[in-house]
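Below is one structure, written out as structure tokens; the observations come after it.
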Amino acid sequence: MLSGRTVAVGVSGGIAAYKACELVRWLKARGSAVIVVMTRGAAEFVTPLTFQTLSGNPVVHDLWGDQSPGFDLPQGAARKVGGKVGHVDVAEAADVLVIAPATANLIARLVHGEAPDALTSVALASRSPLIVCPAMDVEMWRNPVTQANVRTLRARGAIVVGPESGPLASGLEGPGRLADIETIGQAVEEALVRRASLEGVRVLVGAGRTEEPIDPVRVLTNRSSGKMGFALAEGARDRGAEVTLVAGPASIDPPERVKRVGVATAAEMEKAMVEASRSAEVVLMAAAVADFRPRRVSTRKVKRDGSLELELEPNPDILARLASMRRKGQVLIGFALETEQGLRRARAKLQEKGVDLIVLNAPGEAIGSDTNRVTLVEARTARRLPVLSKREVAEEILDRALELRAARGGAGRAGRARQVAARTVPTPRARPAAPRRVAARREAR
Ligand SMILES: Cc1cc2nc3c(=O)[nH]c(=O)nc-3n(C[C@H](O)[C@H](O)[C@H](O)COP(=O)(O)O)c2cc1C
């Protein structure tokens, strides 16, 4: 997985900076080109010369220094290096950016988009997967500010690995140790596998809520924020998919670099989804569609004269329609939100509509929030995930969509590469390190 790839290793000024030397060696031993980017603080702990010697490349530690230091890179990466602006070159050349150790200070800068140094400038200019490996003293880690910052990074799609618990350099004990190098290295490999896993695959996402007009100014709607669907669209886009996002009104801005089709009513959403699904290979229907709409829409604003009775008629069942017109090999995933008998109803929905998987949400946990706790319901299995950011939930759903696609022979080149890689890089579910990561996630909350 790492051979022929370029990994940017960011090192910030924590006591664990010396462990980054081992990470560089680990990556180099597996055939990766490595560019080390250091903060000024990091250079207080380990000299750039050490990293230069280990990586075989010039170390970027001065934003204002040499802008084209001449990296030794694989062909693909070398082509991307324009040789004009150092931090942009590194961002372009790197297939993944892993920051280990990430200090509390650096994490805060990442969250706020500050870029006063080479490392944060690379991070801001990069579109590659970002892996952040926090390491700090126990109270710095537990501080609500750090916790909120880490949550924000996760919600934006960063992969946070560690920290682990144990004795710390300060003499205290608790969470704050840098994750072990093997775990970080595996996260790098996994990010690379994911990154190309939907290369060229056409993915359709339905997101947001619908609005059914009552009169020219009033609508019937629901509280869906659109965050889950947008996270799916972002995740698929970052894996190389051609994403079409059919979105109703939402509380946040839609992701960049996807084809967006804006709709308002369920009827409009149905039309757009049906149209786009004809060419889609993966369809993810996360939109909260109103079940009913007013039978008649008043052309004038309804006045408050006595009571008002609205007659409602059912909206089209978009998921069922999509299932009825499924292309061969197409993966179709729907969502359900139930207030009672969730699992039983999700299973019934799965069978009635003929979809591959139902993502079962619980009310309260799903709507409007940045995190979610879902169960992935299939014909024979129901896998309950821990509380995760919506982006992390999206990654789990996309991983499963890929497996379903591969199972019916629609994997294509990228999917097969993923299958091969999956044999050598266990998925988060199968890997022994997974419980540690989940535990660390829980700790973060
Ligand atoms: C001896 C020493 C050890 C430190 N270890 C850590 C650490 O492990 N984690 C951390 O977040 N900050 C640590 N700090 C504090 C950071 O160095 C400080 O916040 C610095 O501003 C980080 O800058 P940087 O993020 O640009 O590298 C340490 C400071 C000293 C003096």
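Remark on the chain: ratio of C-alpha radius of gyration to 2.2 N^0.38 Å is 1.07.
A dipole drawn for the range 202-410 from +1 and -1 charges on Cβ atoms has a positive end, and of 302, 346, 220 the residue lying farthest that way is 346. Relative to one another, the C-alpha centroids of the range 146-198 and the range 236-299 are positioned 34 Å apart.
Can you give the helix-only mean residue ellipticity at 222 nm for the chain, where every DSSP H stretch with n ≥ 4 adds -39500 (n - 2.57) and the sum goes over all residues, rounded to the nearest 500 deg cm²/dmol?
-11500 deg cm²/dmol
Couplings 3J(HN,Hα) of the range 128-139, computed from phi: 7, x, 10, 10, 10, 10, x, 8, 5, 6, 4, 6 Hz, in residue order, whole Hz [Karplus 6.51 cos²θ - 1.76 cosθ + 1.60, θ = phi - 60°; x for Gly and Pro]. Taken about its Cα centre, the chain carries a charge dipole of about 1340 debye when Lys and Arg each add +1 at the Cβ and Asp and Glu each add -1 at the Cβ. Annotation: amide H of residue 260 within the under-5 Å range of 245, sequence separation 5 or more or interchain, hydrogens built in the peptide plane. Taking θ as phi - 60° and the Karplus parameters 6.51, -1.76 and 1.60, the scalar couplings of the range 378-383 work out to 10, 3, 10, 9, 9, 10 Hz in sequence order, x denoting glycine and proline.
Along its principal axes, the range 262-308 has C-alpha extents of 52, 18, 16 angstrom, given from the largest down. Under the rule a/c < 1.5 gives rounded, and otherwise a/b versus b/c splits prolate from oblate, where does the range 58-105 land using the Cα gyration tensor? Oblate, since a/c reaches 1.5 and b/c is not below a/b. Taking other C-beta atoms within 10 Å as the exposure proxy, 201, 37 rank 201, 37 from fewest upward. Rounded to the nearest Hz, the phi-derived 3J(HN,Hα) couplings of the range 22-38 under the Karplus curve 6.51 cos²θ - 1.76 cosθ + 1.60 (θ = phi - 60°) are 5, 5, 4, 5, 4, 5, 5, 4, 9, x, 7, 7, 10, 10, 9, 10, 10, where x marks glycine and proline. Between residue 275 and residue 44, the FRET efficiency estimated from the beta carbon spacing at R0 = 45 angstrom works out to 0.20.
Plainly put, the range 202-410 has a radius of gyration that is 0.98 times its Kirkwood radius, both from alpha-carbon atoms, as the Rg/Rh ratio.
Calculate, for residue 256 and residue 311, the FRET efficiency according to 1/(1 + (r/R0)^6) with r their C-beta to C-beta distance and R0 35 Å; round to the nearest 0.05. Kindly include the intermediate steps, with their values, before the conclusion.
Details: r = 41 Å, r/R0 = 1.18.
Computed FRET efficiency for residue 256 and residue 311: 0.25.
Ranking of 80, 19 by neighbouring Cβ atoms within 10 Å, starting from the fewest: 80, 19.
None of the figures in this text is laboratory data; all of them are computed from the coordinates on show. Nothing here was measured: the structure is a model prediction, and the numbers come from that model. Positions of Cβ are backbone-derived with ideal geometry, glycine not excepted, and every protein chain shown enters the neighbour counts.
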